[in-house]
Each structure stands twice: as C-alpha cells, then as structure tokens.
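Have a look at the structure below, then the notes.
The values are calculated or read from the model by the stated rules, or taken from the named source; none is laboratory data. Just so we're clear, the structure is a prediction, and the values are computed from it rather than from any experiment. When we count neighbours, we look across all protein chains shown, and the Cβ atoms used for this are built from the backbone with ideal geometry, even at glycine. Ligands, DNA and RNA are excluded from the accessible area calculation, which covers all protein heavy atoms including side chains. Shrake-Rupley method; radii C 1.70, N 1.55, O 1.52, S 1.80 Å.
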Amino acid sequence: MGYEEHHRKAEGIIVRCAVITLSDTRNESNDTSGKLIRDLLTQSGHTIASYQVLRDEPAELEAAVSTLLESDQVDAILTNGGTGISKRDQTISAIEKHLDIELPGFGELFRMLSWEQIASGAMLSRAIGGIAKGKLIFAMPGSTQAVELAMTQLILPELKHLTRELRK
C-alpha cells in the first residue's frame with residue numbers, strides 16, 4: 001500500500017491528545033504555545049483529553065506522563081517547553097525514559113525546518129518524538145513559533161497516520 005493510501009485509510013481517525021506545557025513562568029492564562037497546540041488539534045478534528053501547565057521540574061513531568069501513558073483516554077502526548085540546553089531544561093531526559101521507540105526523524109526534520117527560521121540557533125533544540133506504551137509522544141520547544149512549525153509541518157500532517165499504525 002502506498003503512502004497516499006495509508007493517509008486515506010486514516011482520514012476518519014480522531015486522536016485523543018494530552019497537552020503539557022512546561023514553564024516556570026507560564027500559566028493557563030498566558031500559555032500561548034499550549035493554546036496554539038490545542039487550537040490546531042481541535043481545528044483538525046482531534047480532541048483534548050488533558051491539558052496541564054507544569055513547572056519545569058522533571059519529577060512533575062515524569063509523574064504526569066506516567067499517568068497519561070496508563071490512561072485509555074489518551075492516544076498522544078504533546079509537550080512544549082524544556083527542550084533547550086539550560087540546566088532547567090529537563091524535558092528530554094524525563095521523556096526519553098518512557099520511550100519504547102524513538103522517531104528520530106521528528107527531531108531531525110524539526111531542526112532542519114527551524115534552520116530556515118532561526119539559522120544556526122536550530123542546533124539548540126533537542127525536540128524529540130517517539131512511542132511509549134503504544135502512545136505517541138512529541139516534545140516541542142516552548143516558543144510559539146517553534147510549536148507552530150512542529151504542529152503544522154510535522155505533527156498534524158502525520159498524526160492520524162501514526163495513530164492508525166499504532167492501533168493495528
């Protein structure tokens with residue numbers, strides 16, 4: 001079956017998504033990146049099963065991800081924030097512990113596309129994607145511009161297809 005046929009077969013899928021923003025400064029009222037993720041998902045016909053804003057603390061993220069991975073109401077977990085290189089940026093190490101399969105192409109393509117927007121600054125992102133307990137996980141930077149790039153160019157075009165493959 002060709003790539004287009006796989007996409008056609010996934011057209012009717014509605015993905016139940018959990019959105020987590022990691023930030024020491026954002027909350028639900030000023031979380032523009034988390035709002036953009038939720039808006040883009042719902043505009044694409046998906047549902048928001050959970051939304052949380054957490055401090056940039058690995059233990060809080062690990063607990064939230066563990067709970068969501070056990071939920072039968074969540075197909076995908078999308079995080080934003082904490083993917084840089086500062087000491088407070090611990091999202092990647094917290095998420096990598098859960099991954100059964102990494103999707104290296106997500107991070108590679110994200111950085112390639114980011115190059116077009118921020119040139120060599122793209123190397124600072126450690127964005128990753130993968131699968132844990134049969135669920136998709138994508139960790140994006142916290143910048144609203146980066147979230148828009150990741151969502152519109154990479155995640156949304158493949159979310160139904162990926163979910164269909166995992167449900168087989």
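Here are a few things to note about the model shown:
- Whole-Hz couplings from phi, Karplus 6.51/-1.76/1.60, listed for the stretch 139-154; x for Gly and Pro: 10, 10, x, x, 4, 4, 5, 5, 4, 4, 4, 4, 5, 7, 8, 10
- In the chain, the calculated helix contribution to ellipticity at 222 nm averages -12500 deg cm²/dmol per residue, counting -39,500 (n - 2.57) for every DSSP H run with n ≥ 4.
- Calculation over all alpha carbon pairs of the stretch 13-77 in 5 angstrom steps from 0 returns a P(r) of 4, 19, 27, 22, 19, 7, 1 percent.
- Distance in nm between pseudo-label sites at residue 133 and residue 24 (7 Å out along the Cβ direction from Cα): 2.9
- Highest mean first, the peptides 71-81, 57-67 sorted by other C-beta atoms within 10 Å per residue fall in the order 71-81, 57-67.
- From phi via Karplus (6.51, -1.76, 1.60), per-residue ³J(HN,Hα) for the stretch 34-48 in Hz, x at Gly/Pro: x, 5, 4, 4, 4, 4, 5, 5, 5, 4, 8, x, 8, 10, 9
- Across the alpha-carbon set of the stretch 79-168, the Rg to Rh ratio works out to 0.96, Rh being the Kirkwood radius.
- Approximate spin-label separation residue 13-residue 66, in nm, with each point projected 7 Å along Cα-to-Cβ: 2.8
- Here the stretch 66-107 is treated as a sphere whose radius is the Kirkwood value from Cα pairs; by Stokes-Einstein at 10 °C and 1.306 mPa s it diffuses with a coefficient of 134 µm²/s.
- Gain in span if fully extended, residue 57 to residue 97, counting 0.36 nm per residue against the direct Cα distance: 12.9 nm
- Computed over the stretch 17-167, the percent of Cα pairs more than 29 Å apart is 6.
- With the simple spin-label model, which puts each label point 7 Å out from Cα in the Cβ direction, the residue 166 to residue 87 separation comes to 3.4 nm.
- Protein accessible area in the chain, 1.4 Å probe - carbon and sulfur %: 52
- Among the listed pairs 135/168; 133/168; 87/133; 35/97; 35/87, those whose Cα-Cα separation exceeds 23 Å are 87/133; 35/97; 35/87.
- Entry comment: accessible area of the chain is 49 Å² per residue, from protein heavy atoms only and a probe of 1.4 Å.
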